[in-house]
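What follows is a single structure, written as structure tokens, with notes after it.
The values are calculated or read from the model by the stated rules, or taken from the named source; none is laboratory data. Only a predicted model underlies this, so the values are computations on that prediction, with no experimental measurement involved. As a convention, Cβ positions derive from the backbone with ideal geometry for all residues, glycine included, and neighbour counts pool all protein chains shown. These area figures cover heavy atoms from the full protein model, side chains too; ligands, DNA and RNA do not enter into them. Shrake-Rupley method; radii C 1.70, N 1.55, O 1.52, S 1.80 Å.
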There are 2 protein chains.
Amino acid sequence: MRLSQFHLATVKEVPADAEVASHRLMLRAGMLRKLAAGIYTWTPLGLRVLRKVETVVREEMNRAGAIEMLMPSIQPRELWEETQRWEKFGGQLLKLKDRREQEYCYGPTHEEVITDFARQELKSYKQLPINFYQIQTKFRDEIRPRFGVMRAREFMMKDAYSFHLTPESLAATYGVMYGAYGRIFDRLGLRFRAVQADTGAIGGNASHEFQVLAESGEDAIAWSDGSDYAANVELAEALAPRVERPEPAAELQRVDTPARKTMDEVSTFLSVSPDQCVKTILVRGEQGLVALCVRGDHEINEVKAAKLEELPGASVLADEAEILKATGTRPGFIGPVGLPDEIPVIVDRSAAALADFVCGGNAVDTHYTGANWNRDARITRIADLRKVVDGDPSPDGEGTLHIARGIEVGHVFQLGGRYAEAMNATVLDENGKARAMLMGCYGIGVSRIVAAAIEQNHDDRGIVWPEPMAPWTVAICVIGSRNGTQAQDAAQALYDELTGHGLEVLLDDRGLRPGPMFADMELIGIPHRIVVSERGLEAGTFEYRHRRDTENRALTRAELMERLLGA
Amino acid sequence: MRLSQFHLATVKEVPADAEVASHRLMLRAGMLRKLAAGIYTWTPLGLRVLRKVETVVREEMNRAGAIEMLMPSIQPRELWEETQRWEKFGGQLLKLKDRREQEYCYGPTHEEVITDFARQELKSYKQLPINFYQIQTKFRDEIRPRFGVMRAREFMMKDAYSFHLTPESLAATYGVMYGAYGRIFDRLGLRFRAVQADTGAIGGNASHEFQVLAESGEDAIAWSDGSDYAANVELAEALAPRVERPEPAAELQRVDTPARKTMDEVSTFLSVSPDQCVKTILVRGEQGLVALCVRGDHEINEVKAAKLEELPGASVLADEAEILKATGTRPGFIGPVGLPDEIPVIVDRSAAALADFVCGGNAVDTHYTGANWNRDARITRIADLRKVVDGDPSPDGEGTLHIARGIEVGHVFQLGGRYAEAMNATVLDENGKARAMLMGCYGIGVSRIVAAAIEQNHDDRGIVWPEPMAPWTVAICVIGSRNGTQAQDAAQALYDELTGHGLEVLLDDRGLRPGPMFADMELIGIPHRIVVSERGLEAGTFEYRHRRDTENRALTRAELMERLLGA
């Protein structure tokens, strides 16, 4: 592509609401234009990158035996009533009415439509398993759209849905999709982790998120340095300490801790390490108050707490009045010693291994030292209650956990029978009996991948594309393109040769001065840059620089070809 | 593709509301599933065809120098207010509100969005001309969606918009797009005509529709057998007869024509050919009544009538009361003889060439014979007022006109300054002065092409795809695939060889009986069918049949290869 025949419009200033690097860089590189909140136009430059992602996703989905189709964006309310999601989906569902006052939504996902399709198209177990996918535009009416295409309202998604007669078949296709996702992100040149994810209220126990690693990521991931283990921090199991709980050695003592409420304040005041303290919170569940105890250096994991049998349904932190009534004190001074018998005390594995610990005194401005379980404080049950931290042992017994941040770009999920049962999507089994199908669903945020790749790959000069996602692989910059023709001719010959070898080459023939020209090429992140100048031609060399390099190299034509085309 | 790995679901019965062949066949072949009125899911089979069209459109747009981008489907009301189309566009505009009560529409077209993009991205005449396009989903809330994807509400369109400083530049790009459209429809294997189209209220004089010829088409096209001339029937000029008007020879006579009101009734009753009669209608315009006269065998062309200077603005047929008051008679008996002086009499060129003609008597149940212009009836002005008919001379002087029916699948239009002026989209010209840009727009109904191709290419057994649009080029049907393996092996070997040569081959390995298998392959319209059977293998031949053939041919492997791969 000759740049004079393309439309490149890099931008100096970006709006203040562009908070993250990828959003700023996509605007500065001229990949995006905002049309409305969370709604973006993909410029020619942006679309080139988006299509690279789309192509890799499509190729790998086809290779994995999934079959492409295309569902509409506008979906009738009736289908969403069948699954009761018309109301339950919440405010993200963009509802609308047509000229006949019929109600529709702009599809945020397609479980209802594909299940409706499947119950019409699939009649027999012989048609199973089958896996349909589409690459299509979706809309979620985010309450706070932000970060450009990272959390846009209108976005491009690959969504796949598989149908099965048995859990074994579902698990097999789930495995195939898991593998395909790995290949997709590998081929795109991204560093990622497949992490175990919380299956939430939907049920089923198999769900993985594919997270592109980036410091700016919204999600925390625990991963092992000794195995493939990776999980969302909310889900990673915190093992019990390998050491037994010591026998009590100290006396229980009530001490004054005036106005020391936080763990930092208390441990400093008492000169005791936070990992020798127990912090306690009171939660009000549907069956009353529950006390949760973790070590002072740990955090309660709300996802784990929500799964406790003592806390069925919804629960919230107890308010000050409740705390006062139940314990006689205020937040900051609650402790397990002397709590009323009707309050279950659930203790994290690490906290349960402590002896002679510090905890709240259940009276304002007091704590206990030398507290011990059983002797001084009840344990109703020991449970895994805390978030894992860097240095914890990996739950699979292999290696040590570390915490990384990630951006979710894919999600695979064993849905099970939920949608097919609600919508009566059945096939006849081997015995001629109608049975509801089982389903898996598999999503990839195609447009989000573009932003995630930039979060992972950029520097202060701009984007540093992984080669498979770059809009062009090579940029040829001509110096002196306005006057002399020797450099122009040489650049054109080089362009012809490289494109002849199948490389995607951008020839910058705009006639800019070197500074702005190089800045543009670095901003838009082209991996290989070649400068063609009269001076270089006289010396028989081209100036070459990889986007990740810091220095130019003078390469002969043969060296350049070897560099770009390989051996 | 092995058919057992795909999803094919042909259907026997189709709903009664599938009125046209393409709709019925797309449903029967299992290319579409209706989700709601005018909203369809493209099945895997349907999508394969849609993508073929999309690919050809994209390749030719790129070849013509247009630059692909991608605009959102959801557009803010504010932009549509700038062009006053928020109200003017009418009921087809699907309006909606987000959770913050902001108003949007689902884009039925993108002039507003692209002009907003252009006014931000284009600053200088040096960036012009430029031509942006996208292939994207649109929504038009049709009052009566019908004919499947022919007139769907949600549909796929290629829309391009070019920007220019001068009319000459606009005309040049228009010419390039005209050429690209011709190549697109040629490559798709469709018979089509590029016809001059009415530019309507938008103004500008260059607009062409690309019409796929099909008897079921909604549009009538006049085309010349002696030149490239083709035009929408509404727009085709009816030339004046080459013969001079004869001198009057007969006397004007009032004759009784009791209850004979229609042209057929009158000409039969008086034993005179309709081409010797003049029929007259009265139209009420903003400046009063106007009489329009055409020959008895011709029809008034309303588009031409609406452009008469005597009928500025809106006009309607006069009602019975008005006719009675102005002429003393009823519809069916109006004529130009003795009309009140204040009514202009506009006479079509062919009617004006008559002498001694029959016309209404301006009294109930009477007509005149032997009427003559000037001697008996005023002519205010002679004009081109009628629809052309088969056999008329071509307006370009080359050949004779014929009437064909067509389906509009593309439209190119020189918009001029309309949108850029309304939205203040300017660039600086050579003198540093801000000037509004000129625009062209160029649309192709990508999904409609699929239906149009079927309307043009089908028989009573199903679809007959032009090869470039076929989901697969070759179908290999295995007979006896359940038991013996020799036929299976031979089919697989043939499949491998043909796909190795780059052909798209469907291997029907479903194990159906020959009848249903062949019926499916004919219904879905695969161009080349090869049957592999034990019996054929013993004779050293394959059974071959082109979709347009009526007989099978036994071909040796070499003959088959020559047939499919060419010399």
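Surface burial for B against A, with a 1.4 Å probe and both sides summed, reaches about 4500 Å² of accessible area. Working value for segment A:253-383: equivalent-ellipsoid semi-axes of 22, 16, 13 Å, each the square root of 5 times a Cα gyration tensor eigenvalue, largest first. Counting protein heavy atoms only, segment A:472-565 has 48 percent of its accessible area on carbon and sulfur, 1.4 angstrom probe.
Can you give the charge dipole size of segment B:472-565 about its Cα centre, rounded to the nearest 20 debye, using +1 on the beta carbon of Lys and Arg and -1 on the beta carbon of Asp and Glu?
240 debye
For segment B:150-186 versus segment A:439-480, the spacing of their alpha-carbon centroids is 31 Å. Other residues with beta-carbon under 12 Å from the beta-carbon of B:E13 carry, at +1 per Lys or Arg and -1 per Asp or Glu, a net charge of +3.
Toward the positive end of the charge dipole of chain A, with +1 on the Cβ of Lys and Arg and -1 on the Cβ of Asp and Glu, the farthest Cα among A:V290, A:L213, A:T268 is that of A:L213. On the rotation that sends chain B to chain A, the chain B Cβ lying closest to the axis gives residue and distance in whole Å as B:L96, 2. Gyration tensor over the Cα atoms of segment B:299-345: the corresponding equivalent ellipsoid has semi-axes (square roots of 5 times the eigenvalues, largest first) of 20, 12, 11 Å.
The listed residues B:V389, A:V532, once ranked by accessible area (1.4 Å probe) with the largest placed first, stand as B:V389, A:V532.
Protein-only accessible surface at a 1.4 angstrom probe places the residues B:E543, B:E19 in the order B:E19, B:E543, largest first. Taking segment A:241-358 as the region of interest, the number of lysine pairs whose Cα atoms are within less than 22 Å, with members eight or more places apart or on different chains, is 5. Protein heavy-atom surface of segment B:289-391, 1.4 angstrom probe: 51% of the accessible area is carbon and sulfur, with nucleic acids and ligands not counted. Cα centroids of segment A:357-376 and segment B:230-293: 110 Å apart. Using Cβ point charges alone (K and R +1, D and E -1), the dipole size of the protein assembly as shown about the Cα centre works out to roughly 60 debye.
The dipole here belongs to chain B: it is taken about the Cα centre, uses +1 on the Cβ of Lys and Arg and -1 on the Cβ of Asp and Glu, and is about 1500 debye. Note that segment A:515-567 shows a convex hull volume over its alpha carbon atoms of 78 Å³ per residue. What does the C-alpha gyration tensor say about the overall shape of segment B:1-131? Classify as rounded when a/c is under 1.5, otherwise prolate if a/b is larger than b/c, or oblate. The shape class here is oblate.
Estimated at the nearest 10 Å², the accessible area of B:E87 is 130 Å² with a 1.4 Å probe. The translational diffusion coefficient of segment B:406-502, from Stokes-Einstein at 10 °C and 1.306 mPa s with a Kirkwood hydrodynamic radius over alpha carbon pairs, comes to 83 µm²/s.
Note every residue of segment B:56-93 with a reduction of at least 10 square angstrom in accessible area, all protein chains present versus the isolated chain, computed with a 1.4 Å probe, or write none. At a threshold of 10 Å² (probe 1.4 Å), the residues of segment B:56-93 that become less exposed are B:R58, B:I67, B:E68, B:M69, B:L70, B:P72, B:S73, B:I74, B:P76, B:G91. On the principal axes of its alpha-carbon atoms, chain B has extents of 91, 68, 47 Å, going from largest to smallest.
Taking every alpha-carbon pair in the protein assembly as shown and binning the separations at 10 Å intervals from zero gives 2, 8, 13, 17, 17, 15, 11, 8, 5, 2, 1, 1, 0, 0 percent.
Note on surface exposure: B:E215, B:E467, A:E101, B:E68 rank B:E215, A:E101, B:E467, B:E68 by accessible area, highest first, 1.4 Å probe. Of the trypsin sites (Lys or Arg not before Pro) found in segment B:252-343, the ones in coil according to DSSP and having at most 14 other Cβ atoms within 10 Å of their Cβ are B:K307. Our summary of shape: the Cα atoms of segment A:456-567 have principal axis extents of 40, 33, 23 Å, ordered from largest down, in whole angstrom. Heavy atoms of the protein chains alone define the surface here; on that basis chain A has 42 Å² accessible area per residue at 1.4 Å probe size.
In segment B:32-120, carbon and sulfur make up what percent of the accessible area (probe 1.4 Å)? Present the calculation step by step, with values, prior to reporting the outcome.
Numbers: 1230 of 2970 Å².
Result for segment B:32-120: 41 percent of the exposed heavy-atom area is carbon or sulfur.
In degrees from 0 to 90, rounded to the nearest 10, what is the angle of the helix B:446-456 Cα long axis to the longest principal axis of chain B? Here the helix axis deviates by roughly 80 degrees.
The Rg/Rh ratio of segment A:340-489, with both radii computed over alpha carbons and Rh defined as the Kirkwood radius, is 1.26.
Helix B:111-121 against the longest principal axis of chain B: what's the angle in degrees, Cα atoms only, rounded to the nearest 10? Taking Cα atoms only, the helix is inclined about 70 degrees.
Comment: the Cα-to-Cβ extended label point of A:Q84, at 7 Å, lies 5.2 nm from its counterparts in the other copies, nearest first. Summing charges over neighbours of A:R77, with a neighbour being any other residue whose Cβ is under 9 Å away from its Cβ, gives -2 when K and R count +1 and D and E count -1.
A straight line joining the Cα centroids of segment B:512-567 and segment A:294-345 runs 76 Å. Stokes-Einstein diffusion of segment B:179-273 at 37 °C, 0.692 mPa s viscosity, Kirkwood radius from Cα pairs, rounded to a whole number: 184 µm²/s. Straight-line cross-link partners of B:K123 among the lysines, defined as a Cα under 20 Å from its Cα and at least 8 positions apart when in the same chain: A:K12, A:K34, B:K433.
With its label point put 7 Å out from Cα toward Cβ, B:K433 sits 8.6 nm from the same residue's point in the other copies, in order from shortest. Sorted shortest first, the distances from the A:E59 label point to those of the same residue in the other copies are 1.9 nm; each point sits 7 Å from Cα along Cα-to-Cβ.
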